[in-house]
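Contents: one structure, followed by commentary.
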Amino acid sequence: MLKLLGAGLTIASCSAAGFRVCAGMKQRIRVLLQLRRMAVMLSGEITCANAAMEEAFYRVSQRVEDPVRTFLGHVRDRMEAGENGLLGDIFCTQMEKDLKGWGLKKTDLESLGTLGSQLGYLDVQMQKKTLDYYLEQVNDAWLLAVQEYREKEKLFRCLGISAGVFLVILLY
């Protein structure tokens, strides 16, 4: 009876590991989608509404979901508090705090950091071009993430279950 319980728990835990990998891939897709929405809305706020960065961050943060909402809110709060430093430094520091652990790859964070370092001090046209370039990058990353998820979803789930069965056979 105890062996049967152990076998069941082994299969369940290995299966859960496979499902967790898939959940991480899905989470990255959701965050990349929110970053894409953020870039489009920031572009509109800067070019059409001619809003200041603090105001643009506030407006956009009201229309996106977490973790991007929290990230933009914190950046805005630090800017309003008059924190010393460039917007790029504040942006990158807050990005490390708020967006780590949300499934984003290092390249995703690097491209977002590059965007943050170029916002705020360029003229409106250059900011628009920078946002357009970032939008292309995040859109490509999102498309690749969706493709990767579709290709590997069944693989990771089956690997988890198979690993559990294999361990049960090996151990018992």
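The values are calculated or read from the model by the stated rules, or taken from the named source; none is laboratory data. Small disclaimer: the values here were computed from a predicted structure and weren't measured. Note: ideal-geometry Cβ built from the backbone for every residue, glycine included; neighbour counts use all protein chains shown. Keep in mind that these areas ignore ligands, DNA and RNA; they rest on the heavy atoms of the full protein, side chains included. Shrake-Rupley method; radii C 1.70, N 1.55, O 1.52, S 1.80 Å.
Quick check: anything in the range 43-61 over 20 Å from Y121 (Cα atoms), touching a residue at least 40 places away in the same chain (Cβ under 8 Å) and among the hydrophobic types (A, V, I, L, M, F, W, C)?
Taking the range 43-61 and keeping what is over 20 Å from Y121 (Cα atoms), we get 61.
Add one more test, that the residue is touching a residue at least 40 places away in the same chain (Cβ under 8 Å), and what stays is none.
Within the range 43-61, none of the residues are over 20 Å from Y121 (Cα atoms), touching a residue at least 40 places away in the same chain (Cβ under 8 Å) and among the hydrophobic types (A, V, I, L, M, F, W, C).
Name the one entry in D98, D132, D77 that is among the acidic types (D, E), in contact (Cβ under 8 Å) with a residue 24 or more places away in the chain and surrounded by fewer than 18 Cβ atoms within 10 Å (Cβ to Cβ).
D132
Which ones in the range 143-168 are polar (S, T, N, Q) and either open to solvent by 70 Å² or more (accessible area, probe 1.4 Å) or outside any helix (DSSP H, G or I) (or both)? Spell out the reasoning first.
Filtering the range 143-168 for residues polar (S, T, N, Q) gives 147, 162.
Within the range 143-168, Q147 is the sole residue that qualifies.
Among the residues of the range 36-48 satisfying the criterion of being at pLDDT below 85 and among the hydrophobic types (A, V, I, L, M, F, W, C), which is farthest from the chain's Cα centre (by Cα)?
That would be C48.
Determine, yes or no, whether S43 is farther than 23 Å from A141 by Cβ, touching a Lys or Arg at 6+ places or on another chain (Cβ under 8 Å) and surrounded by 15 or more Cβ atoms within 10 Å (Cβ to Cβ). Give the steps one after another, and end with the answer.
Numbers: farther than 23 Å from A141 by Cβ: no; touching a Lys or Arg at 6+ places or on another chain (Cβ under 8 Å): yes; surrounded by 15 or more Cβ atoms within 10 Å (Cβ to Cβ): yes.
Answer is no for this residue.
Of the conditions (1) outside any helix (DSSP H, G or I); (2) at pLDDT 80 or above; (3) surrounded by 12 or more Cβ atoms within 10 Å (Cβ to Cβ), Y121 fails just one. Which one is it?
It is condition (2) that Y121 fails.
Does the range 159-168 contain at least one residue that is touching a residue at least 60 places away in the same chain (Cβ under 8 Å), closer than 24 Å to M53 by Cβ and more than 17 Å from the chain's Cα centre (by Cα)?
no
Suppose the filter is closer than 27 Å to Q147 by Cα, of a type in the set (K, R) and open to solvent by 20 Å² or more (accessible area, probe 1.4 Å); does R28 pass it?
Working: closer than 27 Å to Q147 by Cα: yes; of a type in the set (K, R): yes; open to solvent by 20 Å² or more (accessible area, probe 1.4 Å): yes.
Yes.
Among the residues of the range 49-64, count how many are within 20 Å of R36 (Cβ to Cβ), open to solvent by 50 Å² or more (accessible area, probe 1.4 Å) and more than 20 Å from the chain's Cα centre (by Cα).
First, pick out the residues of the range 49-64 that are within 20 Å of R36 (Cβ to Cβ): 49, 51, 53, 56-64.
Adding the requirement that they be open to solvent by 50 Å² or more (accessible area, probe 1.4 Å) leaves 49, 58-59, 62-63.
When the remaining residues are screened for being more than 20 Å from the chain's Cα centre (by Cα), the result is 49.
Here the count works out to 1.
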